[in-house]
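Contents: one structure, followed by commentary.
The values are calculated or read from the model by the stated rules, or taken from the named source; none is laboratory data. Because the structure is a prediction, the values reported are computed rather than measured. So basically every Cβ, Gly included, is an ideal-geometry build from the backbone, and we count neighbours across all protein chains shown.
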């Protein structure tokens, strides 16, 4: 179901009680449209949607999503992928359906981890089964939506170009990354009679031309001593790569060779058109610290939560080791010129009580403006289980608190606060999303007056001015019909927001684009589900009433 008009906040006066307290607050309008609903026909198949998973969107507002089906002919073919433009849904692929370009009888066994480019083309990862398919060629294939049909980018068992004819791709255990212009990057293993353990993996890219190797295990590692090469000692030497809109690749790699040990055998590199830059290596002195403080330590890997922006800069969470063996957590960024410390364990946490310090930091995001966002845990005087986590944003060297456990939750009645931001349900998959204009969206939990398990979660996002706005909350009455003359009110029971891995420029699926559009999934108390897009425009365009204990309704206004 595609939106023909937009929805905005309104208050049903009939719900007002005699003691209702009402105040007027000027905030940015949040308009919404419906993308798809369960129970509606699924294009491309004779079935209806039963459930949805992980919606994501492009910079131009095109939506992709995975869905489950229900129908008389639906058995094992119950999971597929669809995309949504401004007019209609488009069928992409379905499990147990024929695979384009392969032998008759070959079907998709699994379909996973789809991503989308600016033109709305979707790439996805999966496996196959059928005639001629066995353990040597059944898993780890990547497909890209072409002009007329799906194109197979790579498959386990395919020959590796530029290597011996007997060398083929082994398992592709990681999903692909794809940038805004449809260029795909992935890591994979190779198998063949001539390969040694230190020569059996690499990173490849696929653009308009054939597959190209970016880096292979056994090759000299740029920025290291002679004889030091990429190698994983029998394991895949490269973590899944990131790719930005300029086609640059960022990756973590393992090392072997003279002088390499467990204290200096990993690092980060950025590749641009065949030229490599070593960002950092385990064992390097941490910039701005004493010589006895180096990268590396007990946490594995020492460089985590790698983020990448369109300027070829990286940010990451790193472990620092002090002589004597103790380690501390830290956040680093290249934005602004050169690798610099954003913050570290033990540093004063802005927006907290005097003596409030960071204890741990994860979920790093870097955008094209050079801003770095991360989730932090706290310790120190006045820090309790009810206020010991939050989200921070660094801009031009200044670190500011965005949201913290215990803070008043915008859009909710007095006495309702953010809570449990560090719960396992909240992290890492439903945490923060940072777009390139500095807006942040996140899914959070609530505690306080009138809060129970029917209304204790919501989605918030910041407007252009940094004001934090409630998008939707469990327990809300939500109108799923885009016709401004027809109401279809349902009570929100489940909220789902996909997390972007490392930010918008990493090539991974994400939910929040630079136009302020946010896609999310809602479940309702009647068992139905839907996918919706919220648009957060410039502030000051709508007066929003807020009141204690009041349910909010969605109404439409003409687009």
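Quickly run through the range 30-48 and pick out the residues that are in a strand (DSSP E or B), within 21 Å of residue 487 (Cα to Cα) and modelled with pLDDT of 90 or more.
If we filter the range 30-48 for residues that are in a strand (DSSP E or B), which is where we start, we get 31-37, 41, 48.
In the following step, the residues that additionally are within 21 Å of residue 487 (Cα to Cα) were identified as 31-37, 41.
33, 34, 35, 36, 37, 41, listed by residue number.
I'm told residue 505 meets every condition in (1) modelled with pLDDT under 90; (2) surrounded by fewer than 21 Cβ atoms within 10 Å (Cβ to Cβ); (3) not in a loop (DSSP other than H, G, I, E, B) except one. Can you identify the failing condition by its number?
(2)
Could you run through the range 160-216 and say how many residues are over 26 Å from residue 135 (Cβ atoms) and either surrounded by fewer than 17 Cβ atoms within 10 Å (Cβ to Cβ) or more than 31 Å from the chain's Cα centre (by Cα) (or both)?
Total satisfying the criteria: 6.
Checking the structure you have, find out if any residue of the range 508-523 is at pLDDT below 90, buried (at least 19 other Cβ atoms within 10 Å of the Cβ), at positive phi and in contact with a strand residue (DSSP E or B) (Cβ under 6 Å, 6 or more places away or on another chain).
No, that holds for no residue.
Quick test of your reading of the structure: residue 108 fulfils all but one of (1) within 19 Å of residue 153 (Cα to Cα); (2) within 24 Å of the chain's Cα centre (by Cα); (3) crowded, with 22+ Cβ neighbours inside 10 Å. Name the failing condition by number.
Residue 108 satisfies all of (1) within 19 Å of residue 153 (Cα to Cα); (2) within 24 Å of the chain's Cα centre (by Cα); (3) crowded, with 22+ Cβ neighbours inside 10 Å except (2).
Among the residues of the range 199-221, write down those that are under 15 Å from residue 188 (Cα atoms) and assigned to a loop (DSSP other than H, G, I, E, B).
Applying the first criterion (under 15 Å from residue 188 (Cα atoms)) to the range 199-221 yields 199-206, 211-218.
If the condition is that a residue be under 15 Å from residue 188 (Cα atoms) and assigned to a loop (DSSP other than H, G, I, E, B), then 200, 211, 217, 218 are the ones that fit.
Identify the residue in the range 61-77 that is surrounded by fewer than 19 Cβ atoms within 10 Å (Cβ to Cβ) and over 25 Å from the mean Cα position of the chain (by Cα) and, among all such residues, is farthest from residue 110 (Cα to Cα).
It comes out as 72.
Return the only residue of 253, 267, 227 being at positive phi, out of contact with any helix residue (DSSP H, G or I) (no Cβ under 6 Å at 6 or more places or on another chain) and touching a residue at least 24 places away in the same chain (Cβ under 8 Å).
Working: 253 fails: at positive phi; 267 fails: at positive phi.
227 is the lone residue from the list that is at positive phi, out of contact with any helix residue (DSSP H, G or I) (no Cβ under 6 Å at 6 or more places or on another chain) and touching a residue at least 24 places away in the same chain (Cβ under 8 Å).
Among the residues of the range 481-492, which ones are crowded, with 20+ Cβ neighbours inside 10 Å and modelled with pLDDT of 95 or more?
The answer is 490, 492.
Among the residues of the range 121-146, count how many are within 16 Å of residue 83 (Cα to Cα) and out of contact with any strand residue (DSSP E or B) (no Cβ under 6 Å at 6 or more places or on another chain).
Residues in the range 121-146 being within 16 Å of residue 83 (Cα to Cα) and out of contact with any strand residue (DSSP E or B) (no Cβ under 6 Å at 6 or more places or on another chain): 1 in total.
Here is a yes/no grid of residues against (1) crowded, with 19+ Cβ neighbours inside 10 Å; (2) closer than 17 Å to residue 333 by Cα; (3) touching a strand residue (DSSP E or B) at 6+ places or on another chain (Cβ under 8 Å):
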{"residue": "249", "(1), (2), (3)": "yes, yes, yes"}
{"residue": "254", "(1), (2), (3)": "yes, no, yes"}
{"residue": "262", "(1), (2), (3)": "no, no, no"}
{"residue": "266", "(1), (2), (3)": "yes, no, yes"}
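Within the range 8-29, can one find any residue that is modelled with pLDDT of 90 or more, more than 24 Å from residue 117 (Cα to Cα) and within 28 Å of the chain's Cα centre (by Cα)? Lay out the reasoning, then the answer.
Step one: filter the range 8-29 for residues modelled with pLDDT of 90 or more, giving none.
No, there is no match, as no residue in the range 8-29 is modelled with pLDDT of 90 or more, more than 24 Å from residue 117 (Cα to Cα) and within 28 Å of the chain's Cα centre (by Cα).
Can you name every residue in the range 354-370 that is assigned to a loop (DSSP other than H, G, I, E, B) and more than 20 Å from residue 389 (Cβ to Cβ)?
So the first thing to find is which residues in the range 354-370 are assigned to a loop (DSSP other than H, G, I, E, B), and the list is 354-356, 367-370.
Result: 367, 368, 369, 370.
Tell me, which strands (runs of 3 or more DSSP E) wholly within the range 272-343 include 3 or more residues that are more than 24 Å from residue 434 (Cα to Cα) and modelled with pLDDT of 95 or more?
Values: elements: 275-281, 293-295, 303-308, 314-322, 327-333.
Of the strands (runs of 3 or more DSSP E) lying wholly inside the range 272-343, those with at least 3 residues that are more than 24 Å from residue 434 (Cα to Cα) and modelled with pLDDT of 95 or more span 275-281.
Select from the range 417-435 the residues that are surrounded by fewer than 18 Cβ atoms within 10 Å (Cβ to Cβ) and either at pLDDT 65 or above or more than 21 Å from residue 534 (Cα to Cα) (or both) and list them in ascending order. Steps first, answer last, please.
So in the range 417-435, the residues surrounded by fewer than 18 Cβ atoms within 10 Å (Cβ to Cβ) come out as 423-425, 427-429.
The answer is 423, 424, 425, 427, 428.
Collect the residues in the range 270-288 that are free of Cβ contacts under 8 Å to residues at least 40 places away in the same chain and farther than 27 Å from residue 183 by Cα, keeping them in residue-number order.
Filtering the range 270-288 for residues free of Cβ contacts under 8 Å to residues at least 40 places away in the same chain gives 273-275, 282-285.
Once the filter is applied, which keeps residues that are free of Cβ contacts under 8 Å to residues at least 40 places away in the same chain and farther than 27 Å from residue 183 by Cα, the range 270-288 yields 282, 283, 284, 285.
Pick out the one residue from 444, 450 that is buried (at least 24 other Cβ atoms within 10 Å of the Cβ) and either in contact with a strand residue (DSSP E or B) (Cβ under 7 Å, 6 or more places away or on another chain) or in contact (Cβ under 8 Å) with a residue 40 or more places away in the chain (or both).
444
So, in the range 196-216, exactly how many residues are within 18 Å of residue 255 (Cβ to Cβ) and modelled with pLDDT of 90 or more?
Restricting attention to the range 196-216, the residues satisfying the condition of being within 18 Å of residue 255 (Cβ to Cβ) are 196-203, 214-216.
Imposing the further condition that a residue be modelled with pLDDT of 90 or more reduces the set to 202-203, 214-216.
So the answer is 5.
Restricting the search to the range 371-398, which residues are buried (at least 21 other Cβ atoms within 10 Å of the Cβ) and part of a strand (DSSP E or B)?
Passing the criteria: 372, 373, 374, 375, 376, 378, 389, 390, 391, 392, 393, 394.
Name the residue, out of 475, 530, that is in contact with a strand residue (DSSP E or B) (Cβ under 7 Å, 6 or more places away or on another chain), modelled with pLDDT of 90 or more and assigned to a loop (DSSP other than H, G, I, E, B). Spell out the reasoning first.
Details: 530 fails: assigned to a loop (DSSP other than H, G, I, E, B).
Every option except 475 fails the conditions.
Pick from the range 404-419 the residues that are part of a strand (DSSP E or B) and closer than 19 Å to residue 474 by Cα: which of them is farthest from the chain's Cα centre (by Cα)?
We begin by selecting, within the range 404-419, every residue part of a strand (DSSP E or B); these are 404, 408, 416-419.
Remaining after also requiring closer than 19 Å to residue 474 by Cα: 408, 416-419.
On the way: 408: 26, 416: 28, 417: 26, 418: 22, 419: 22 Å.
Within the range 404-419, the match that is farthest from the chain's Cα centre (by Cα) is 416.
Of the residues 360, 351, which single one is closer than 26 Å to residue 512 by Cα, surrounded by fewer than 23 Cβ atoms within 10 Å (Cβ to Cβ) and modelled with pLDDT under 90?
Values: 351 fails: modelled with pLDDT under 90.
Answer to the selection: 360.
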